[in-house]
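What follows is a short report on a single structure.
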Amino acid sequence: MEDKQVPLVMEEVADPEELAKARVQRERFDRNAAWLQARASEVYTRYRGKCICVAGEELFVADTPEEALALATAAHPEDDGSFLRYIPREKLDRIYAN
């Protein structure tokens with residue numbers, strides 16, 4: 001297998017308009033994340049093995065991420081703070097490390 005290095009490009013954004021748009025998008029994401037956090041136990045128990053997307057503080061469930069995102073986008077096309085997550089079929093302890 002060949003190692004391909006992709007160049008990393010970092011840019012500083014200082015445009016107040018772009019920063020304001022990013023702030024609003026982050027606020028939408030935070031609301032969606034809080035919505036899921038408040039219902040996490042029920043959602044994670046009920047939808048094991050599924051892909052979920054939260055948009056407009058509403059849950060969309062499908063077998064694939066593309067399907068879940070399509071459902072969410074159709075219902076809330078203005079919500080650019082949505083997010084996808086796969087809920088593993090089995091509940092296991094997971095260790096995350098850098």
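Coordinate-derived values only; no laboratory data. Bear in mind the structure is a predicted one, so any value in this text is a computation, not a measurement. Note: ideal-geometry Cβ built from the backbone for every residue, glycine included; neighbour counts use all protein chains shown.
A few notes on this one:
- The aspartates and glutamates whose alpha-carbon is closer than 16 Å to the alpha-carbon of residue 21, local same-chain residues fewer than 8 away aside, are 12, 30, 78, 79, 80.
- Packing rank of 24-34, 9-19, where each peptide gets the mean count of other beta carbons within 10 Å, highest leading: 24-34, 9-19
- Once backbone amide H atoms are built at 1.01 Å from N, residue 55 has 60 as its partners under 5 Å, excluding neighbours fewer than 5 places away on the same chain.
- Signed unit charges on C-beta, dipole axis of segment 16-86, positive-most listed residue 45, 19, 35: 45
- Between 55, 70, 20, the residue with the greatest mean-square fluctuation in the GNM of the chain (Cα pairs under 10 Å linked by springs) is 20.
- Listed peptides 37-47, 57-67 by packing density, highest first (mean Cβ within 10 Å): 57-67, 37-47
- Taking each DSSP H run with n ≥ 4 as -39500 (n - 2.57) and averaging over every residue of the chain yields -15000 deg cm²/dmol at 222 nm.
- Under 5 Å from the amide H of residue 50 lie the amide H atoms of 87, each residue being 5 or more positions distant or on a separate chain, with H modelled from the backbone and absent for Pro and chain starts.
- Approximate spin-label separation residue 97-residue 80, in nm, with each point projected 7 Å along Cα-to-Cβ: 3.9 nm
- Scaling against 2.2 N^0.38 Å puts the C-alpha radius of gyration of the chain at 1.33.
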